[in-house]
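Reading through the structure tokens given below for one structure.
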Protein chains: 2
Amino acid sequence: MAKSKNKNTEAQILNAAKQIFQTKGMDGARMQEIADKAGINKALLHYYYRNKQLLFEAVFKNAFSLLAPQLSAVLNDDSSIENKIKNFTSNYVSFIIKHPYLPNFIIQELNRNPEFILKLKENKDFPNLEKFKIQLTKDVSDGIIKPISAEQLFINILALNIFPFVAKPLIMAFTNTDNKSYNRLMENRKTEVSNFIINSIKHT
Amino acid sequence: MAKSKNKNTEAQILNAAKQIFQTKGMDGARMQEIADKAGINKALLHYYYRNKQLLFEAVFKNAFSLLAPQLSAVLNDDSSIENKIKNFTSNYVSFIIKHPYLPNFIIQELNRNPEFILKLKENKDFPNLEKFKIQLTKDVSDGIIKPISAEQLFINILALNIFPFVAKPLIMAFTNTDNKSYNRLMENRKTEVSNFIINSIKHT
DNA sequence: GTATAGTTTAACTGTTTGGTTAATCGCTTT
DNA sequence: AAAGCGATTAACCAAACAGTTAAACTATAC
């Protein structure tokens, strides 16, 4: 079984590392805990991934490669701005439910080490605003959409969708909600948020 | 000089701890590094604050006590909803410039330890939505503002204002901006964001 | 069946880290 | 001037930690 276990253990390690790193961060994670969660010896971690930093980077890149396509969808598909916003908003909530710790993990670790994103930017799949910018400029000059820069609109879309999950404990406290009703709030946002954005930018 | 230095060192420690904890987080911070930054011996940290956890809590509570009044302003002053949004949005950007690491620090540490907010909720100054809710309900039934729940609107206000600072490295990469032009973007948001919100919710 | 090569482990190492201790310093009081 | 006391330090300690090593295990090739 040894050789067939090969790929299996490697994936098991990555999966365990994902759980630990995404909840505790690079500094809070312990190699021993990852090994325990993967059900293997600690030395085996170093056999597959040479050290903590490399294991972390594998997890981080993997996480980012899940998030990036979600964003690229808003920026590069061929539908109208209005539809892009609608689709992204409803899809993103579903996406997050599958990967609840992901956005916070990425944001937290990028703040700890901002140079890290330079490596990611070299990738050709890295989200790019150009197409979105052209489309928006056209819609604005056509009078479909009120004047707004692509950067500001993009920031607003990200903010309204991502922030409620990143700041979940804080917002739960302010709004006095438990987990169940918070999830209901988030479920409502699938349509609330896109209406909110479109209301704001669409010419009447 | 010893007794006069008393209050001075305690504040120096808290200040150094603030800088280290807010940039590196609880797990990434080192007691030695805090001592060095405060210009004192490591044992003196334990003399004033018994251990790392208590020193951290002092820093955290201090940070939260700066943020809370900013939020309470939106919720409890007597101006119109429109003015609240305008004021908060422009004030918040100025506030952040003075305390750039603060929102991220609070969000990050609350995610690491969500039970921590329970202690804070006991405080009577803890931001409360009740007044805001009543005001909004009235404005909605008076036809001044389009139907929206207080929770959703409050989340939107926080998201649009706070997220760009929390996710700064990520957004800088997506929008291809350096520090200078990012700050310009943020400066523009002082008016952009409040217009964006008011456009969306105000009845025409 | 045994040599080979990749996989896995137990045990170990060196260093970092939070925290302690006992001594010293310097001001104030008497 | 010396006793008293809070503030400060150097030196130390035990635990936790990332990483290493050398041996054992297991499937396959010959």
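Determine the sum of side-chain charges near residue B:185: Lys and Arg each +1, Asp and Glu each -1, restricted to other residues whose C-beta is under 12 angstrom from that of residue B:185.
Charge balance near residue B:185 sits at +1.
Across peptide A:136-144, how many C-beta atoms of other chains are within 10 Å of each residue C-beta, on average?
Mean inter-chain Cβ contacts per residue within 10 Å come to 0.
Dipole size in debye (nearest 20) for chain B around its Cα centre, Lys and Arg Cβ +1, Asp and Glu Cβ -1?
Taking the Cα centre of chain B as origin, the dipole is about 620 debye.
For residue A:202, which sequence-distant residues (separation of 5 or more, or a different chain) have an amide H within less than 5 Å of its own amide H, given hydrogens modelled in the peptide plane?
A:146
If R0 is 41 Å, what FRET efficiency do you get for residue A:198 and residue A:27 from their C-beta distance, rounded to 0.05?
Efficiency computed from Cβ-Cβ geometry: 0.50.
Give me the 1.4 Å probe accessible area per residue for region A:43-146, excluding ligands and nucleic acids, in Å².
Value returned for region A:43-146: 51 Å² of accessible area per residue.
Could you derive backbone 3J(HN,Hα) for region A:181-186 from the dihedral phi with the Karplus parameters 6.51, -1.76 and 1.60 (θ = phi - 60°), listing whole Hz in sequence and x where the residue is Gly or Pro?
6, 5, 4, 5, 4, 5
Below 8 Å, C-alpha to C-alpha, sequence gap of six or more: please give me the relative contact order for region B:14-139 in percent.
Rounded, it is 29 percent for region B:14-139.
Over 28 Å between Cα atoms: which of B:7/B:42; A:98/A:124; A:18/A:131; B:37/B:61; B:84/B:121 fall into that group?
A:18/A:131
How far is it, in nm, from the label point at residue B:149 to the one at residue B:99 when both lie 7 Å from their Cα along the line to the Cβ?
Inter-label distance under the simple model: 2.9 nm.
Leaving out ligands, DNA and RNA, calculate the buried accessible area for the pair A and B with a 1.4 Å probe, summed over both sides, in Å² to the nearest 100.
In total, chains A and B hide about 4600 Å² from solvent.
I want to check the label-to-label distance for residue B:190 and residue B:8. Put each point 7 Å from Cα in the C-beta direction and report it in nm to one decimal.
3.7 nm
At a 1.4 Å probe, what is the % contribution of carbon and sulfur to the accessible area of region A:1-50?
Using a 1.4 Å probe with all protein chains present, region A:1-50 comes out at 49 percent carbon and sulfur.
Please arrange A:184, B:189 by accessible surface area, largest first, computed with a 1.4 Å probe and ligands excluded.
A:184, B:189
Which residue fluctuates the most in chain A, going by a Gaussian network model with Cα springs under 10 Å, if the choices are A:142, A:36, A:78?
Highest fluctuation among the options: A:142.
If I model a spin label as a point 7 Å beyond the Cα along the Cα-Cβ vector, how far apart are those points for residue B:179 and residue A:44 in nm?
Distance between label points: 4.6 nm.
The values are calculated or read from the model by the stated rules, or taken from the named source; none is laboratory data. Quick caveat, the model's predicted, so the values are computed rather than measured. Quick reminder, even Gly has a Cβ in these numbers, built from the backbone with ideal geometry, and neighbours come from all protein chains shown. In case anyone asks, the SASA skips ligands and DNA or RNA and just uses the protein heavy atoms, side chains included. Shrake-Rupley method; radii C 1.70, N 1.55, O 1.52, S 1.80 Å.
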